[in-house]
1. In the stretch 29-57, what count of residues is obtained for those that are surrounded by 15 or more Cβ atoms within 10 Å (Cβ to Cβ), within 16 Å of the ligand (Cβ to nearest atom) and not in a helix (DSSP H, G or I)?
2. Give all pairs with beta carbons closer than 8 Å in which a residue from the stretch 159-176 that is under 15 Å from PHE189 (Cβ atoms) meets a residue that is within 7 Å of the ligand (Cβ to nearest atom) and of a type in the set (Val, Ile, Thr); count only pairs at least 6 apart in sequence or on separate chains.
3. Only one of ASP166, ASP132 is acidic (Asp, Glu) and more than 22 Å from SER233 (Cα to Cα); which?
4. For the subset of the stretch 133-161 comprising residues that are near the ligand (Cβ under 7 Å from one of its atoms) and among the aliphatic types (A, V, I, L, M), which member is farthest from ASP19 (Cα to Cα)?
5. I'm told GLY66 meets every condition in (1) more than 8 Å from the ligand (Cβ to nearest atom); (2) modelled with pLDDT of 95 or more except one. Can you identify the failing condition by its number?
6. Sort through SER233, SER265, SER258 and tell me the only one that's within 16 Å of the ligand (Cβ to nearest atom), surrounded by 15 or more Cβ atoms within 10 Å (Cβ to Cβ) and either under 19 Å from the mean Cα position of the chain (by Cα) or of a type outside the set (A, V, I, L, M, F, W, C) (or both).
7. If GLN172 satisfies every condition in (1) within 10 Å of the ligand (Cβ to nearest atom); (2) of a type in the set (S, T, N, Q); (3) closer than 18 Å to THR61 by Cα but one, which is the exception?
8. In this structure, is ARG242 at pLDDT 95 or above, more than 17 Å from the chain's Cα centre (by Cα) and either outside any helix (DSSP H, G or I) or more than 23 Å from THR61 (Cα to Cα) (or both)?
Amino acid sequence: MPTPHRKGHTLLLVERIVDLLADGPTLSFEFFPPTDEVAAKQLDDTLDELAGLSPSFVSVTCGVGGDGHDRTHDIVTGICRDRPFPAMAHLTCVGHTRQGVAALLDDYASAGVVNILALAGDPPDGSAISGDFRYASELVEVVRAHPADFSVGVAAHPEVHPRSVDRDSDRQFLAAKLSQADFAITQFFFDPADYVQLCNELADLGCRRPVIPGVMPVIWPKSIRRFADMNGSTVPEALFARLESLLASDRITAAAESAAELSQSLLDAGAPGIHLYTLNRSEASIQIAEQLSL
Ligand code: FAD
């Protein structure tokens, strides 16, 4: 549940992620918009099952161009309306116009959505970048300038974004982007040292905004290996080989155990929360949460 706070005689629910982070470590879950009715029912069931863990917030990814924003809008506004926890909308800017983004932010504000994850997004099939935006930092400025006072998050890549020219410039662009935002959430990674190094490098640049590590339980090793290839995340071969050799039911438990171990070491290293990539399934996330000191 969002944390209740008393202001005068009014009980306010804390829903802005920047305020939730100030209250102590968060536990959050990421979903993607379903594409058919079966998948929509699966997501609904997953939300029901994860509600028992009282998530600090959840987030919903969005596609680049086309109807990518619309599907995210419908899911996020539905969660904010019907569920006892806030939902953050992922918002990509590549391929979009300033006018289109401004209209969408107006819609979010009037639906009571107060959290936006501002992202560049990836042009489909490596096509040329079109629209009014090139980098996420340009979108952060637009979201910040909106009168709704959104809490704004951005993406961080512990192992360096694959399009970065080098590590130093990646960190400098990230520190500049983050200085305009409230917090970052990371791409998935498997070695806690990568997270610690990212935080140290940001601190060296004078940036101390909260960076929430994104943790991916390896419930589907083949697909996650493919995502890792695209993101530049290093795959621990021994873990993946062990998980690949297990039956599906055993794999979920083993994947949850290794993700819980990683999450706990990140919390012990000072992470301000854990963001779990659920792949729209609840089993692993429930098992992970039960093993954490949150
Ligand atoms: P940016 O911050 O713009 O960075 C992209 C690259 O440009 C980096 O190499 C950076 O160093 C460089 N750069 C930044 N500013 C400058 C500058 N001024 N000059 C030169 N270079 C610069 N994708 C989706 O399509 N939908 C989603 O819902 C989604 N959710 C995500 C959630 C999380 C937590 C994360 C970590 C990623 C997510 N992504 C999503 C992926 C993301 O869109 C891609 O990684 C994308 O390629 C980069 O997005 P960014 O916001 O990090 O971009």
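1. Total meeting the criteria: 9.
2. LEU174/VAL154
3. Exactly one residue qualifies, and that residue is ASP132.
4. The residue in question is ALA136.
5. (2)
6. Working: SER265 fails: within 16 Å of the ligand (Cβ to nearest atom); SER258 fails: within 16 Å of the ligand (Cβ to nearest atom).
Being within 16 Å of the ligand (Cβ to nearest atom), surrounded by 15 or more Cβ atoms within 10 Å (Cβ to Cβ) and either under 19 Å from the mean Cα position of the chain (by Cα) or of a type outside the set (A, V, I, L, M, F, W, C) (or both) holds for just one of SER233, SER265, SER258, which is SER233.
7. Every listed condition holds for GLN172 apart from (3).
8. Against the criterion (at pLDDT 95 or above, more than 17 Å from the chain's Cα centre (by Cα) and either outside any helix (DSSP H, G or I) or more than 23 Å from THR61 (Cα to Cα) (or both)), ARG242 qualifies.
The values are calculated or read from the model by the stated rules, or taken from the named source; none is laboratory data. Everything numeric in this text was worked out from a predicted model, so none of it was measured. In this analysis, Cβ positions are derived from the backbone assuming ideal geometry, glycine residues included, and neighbour counts consider all displayed protein chains.
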